[in-house]
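This report concerns only the one structure given below.
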Amino acid sequence: MKRKQFLEKIPKDWIAIVACIGIALVVYLSYQATTLDKKTFVIPLTIEATGTMVPSQSTEKYRFVKLTVRAEEDQLASITEDDFTAHVDLTYLTKPGQYSLPVVIQPKERVLLLEPLELLATPDYVNITVDENILRYVPLTASVAGTPAYGYEVSSFTCEPEYVKVYGPAAQVNAVSAIPTEALVVEGLSESVSGTVTVVYDNPVVRLAEDAGDISVSVQITPVQVELPYAGVPIALVNVPAGYEAHLATSSISVSARGTQLLMDTVRPSSFTARADCQFLTESGEYILPVTVTAPSGVTVTEQSFADVTVVISPVQTEAEETN
């Protein structure tokens with residue numbers, strides 16, 4: 001057929017015909033839309049992150065998605081929320097950053113066969129920030145509950161194993177300095193204790209390795225060491241030469257001492273012995289002698305207010321000499 005003959009066969013009012021077909025199609029679709037019934041479901045939303053990138057922040061707000069289903073009334077009656085799954089796919093992402101990702105609704109096969117069928121997810125896109133998924137070994141730190149007996153304290157602890165594996169976004173994982181264990185009770189104890197506990201860690205994006213099981217914890221409880229001051233410790237003069245008498249320029253000394261809390265509670269200034277030894281003095285005069293302080297058993301003198309004291313040695317006067 002020649003081109004001229006073909007053009008002659010086209011109706012002169014073809015534009016009107018096309019417009020009418022379009023209007024008819026719109027009317028038909030509008031009618032179909034108004035005659036469809038709808039159901040609304042709330043279904044779980046899964047974040048699929050099996051690749052190199054994982055969410056770097058909590059996705060708690062995206063746990064569910066609202067799904068509106070439109071279909072013929074008789075077909076809609078048999079549809080339930082179990083006929084659909086919803087997910088956001090991160091597996092194809094290769095670089096850290098923020099992405100706007102579509103919510104993918106996957107109906108079961110029997111639902112796909114329904115005609116007509118309309119599905120609308122709210123939200124239909126979610127904004128997720130992702131980072132590289134890394135593994136790191138993080139040290140464990142033991143937790144305790146309660147307070148040891150008076151005069152005792154937790155001095156150290158050990159965990160076996162010492163480290164636990166964690167996974168998650170690089171920035172978050174690198175920020176974890178230690179992972180705490182379940183608390184071991186030390187209330188009222190005066191000796192070390194051991195036990196088996198679990199790891200306690202609640203982070204929405206950093207995950208513990210599946211092999212993070214029971215942890216053996218040993219907590220060392222030891223006496224509290226304290227240092228206290230004591231004033232007015234009397235100084236005694238010993239080994240004064242026969243026929244002489246000695247006088248101190250200062251009769252007492254102050255000291256600081258260290259020991260266990262329970263022992264130091266019983267110590268008083270009189271518990272110490274401070275001495276100046278005159279055994280090498282053979283004639284009258286003024287002398288500077290070292291002061292030696294002896295502490296009770298279990299107590300250590302850490303400081304004394306002075307190291308030497310001035311002593312004056314003079315002959316003992318007889319009654320006749322005193323009368324004259």
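The values are calculated or read from the model by the stated rules, or taken from the named source; none is laboratory data. Bear in mind that the values here come from a model prediction, so they are computed numbers and not experimental data. As a convention, Cβ positions derive from the backbone with ideal geometry for all residues, glycine included, and neighbour counts pool all protein chains shown. Only protein heavy atoms, including side chains, enter the accessible area calculation; ligands, DNA and RNA are left aside. Shrake-Rupley method; radii C 1.70, N 1.55, O 1.52, S 1.80 Å.
Numbers below:
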{"quantity": "Complete set of residues in region 260-279 that are exposed (fewer than 11 other Cβ atoms within 10 Å of the Cβ) and touching a strand residue (DSSP E or B) at 6+ places or on another chain (Cβ under 9 Å)", "calculated": "Arg268, Ser270, Gln279"}
{"quantity": "Residue that is most open to solvent (accessible area, probe 1.4 Å) [pool: residues in region 156-181 that are more than 18 Å from Pro204 (Cβ to Cβ) and among the aromatic types (Phe, Trp, Tyr)]", "calculated": "Tyr163"}
{"quantity": "Boolean, Val233 is among the aliphatic types (A, V, I, L, M) and either in a strand (DSSP E or B) or open to solvent by less than 30 Å² (accessible area, probe 1.4 Å) (or both)", "calculated": "yes"}
{"quantity": "Qualifying residue in region 236-253 (condition: surrounded by 12 or more Cβ atoms within 10 Å (Cβ to Cβ), within 28 Å of Thr147 (Cβ to Cβ) and at pLDDT 95 or above)", "calculated": "no"}
{"quantity": "Residue count, region 157-205 (criterion: among the hydrophobic types (A, V, I, L, M, F, W, C) and under 15 Å from Leu140 (Cα atoms))", "calculated": "14"}
{"quantity": "Tabulated pairs, region 113-132, first farther than 16 Å from Ala86 by Cα, second open to solvent by 90 Å² or more (accessible area, probe 1.4 Å) and assigned to a strand (DSSP E or B), C-beta under 6 angstrom, 6+ apart or interchain", "calculated": "Thr129/Gln98"}
{"quantity": "Tally of residues being free of Cβ contacts under 8 Å to residues at least 12 places away in the same chain and either surrounded by 14 or more Cβ atoms within 10 Å (Cβ to Cβ) or in a loop (DSSP other than H, G, I, E, B) (or both) across region 52-79", "calculated": "2"}
{"quantity": "Within region 186-218, considering residues that are hydrophobic (A, V, I, L, M, F, W, C), open to solvent by 30 Å² or more (accessible area, probe 1.4 Å) and not in a strand (DSSP E or B), the one nearest to Ala175 (Cα to Cα)", "calculated": "Val200"}
{"quantity": "Positions within region 280-310 being touching a Pro at 6+ places or on another chain (Cβ under 9 Å) and either surrounded by 15 or more Cβ atoms within 10 Å (Cβ to Cβ) or farther than 13 Å from Asn239 by Cβ (or both), in sequence order", "calculated": "Leu281, Glu283, Ser284, Glu303, Ala307, Asp308, Val309"}
{"quantity": "Number of the exception - Ile221 against (1) at pLDDT below 95; (2) open to solvent by less than 40 Å² (accessible area, probe 1.4 Å); (3) closer than 30 Å to Val144 by Cα", "calculated": "(1)"}
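Matching residues to (1) in contact (Cβ under 8 Å) with a residue 12 or more places away in the chain; (2) of a type in the set (Gly, Ala, Ser); (3) part of a strand (DSSP E or B):
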residue: Ala276; (1), (2), (3): yes, yes, yes
residue: Phe280; (1), (2), (3): no, no, no
residue: Val301; (1), (2), (3): yes, no, yes
residue: Val312; (1), (2), (3): yes, no, yes
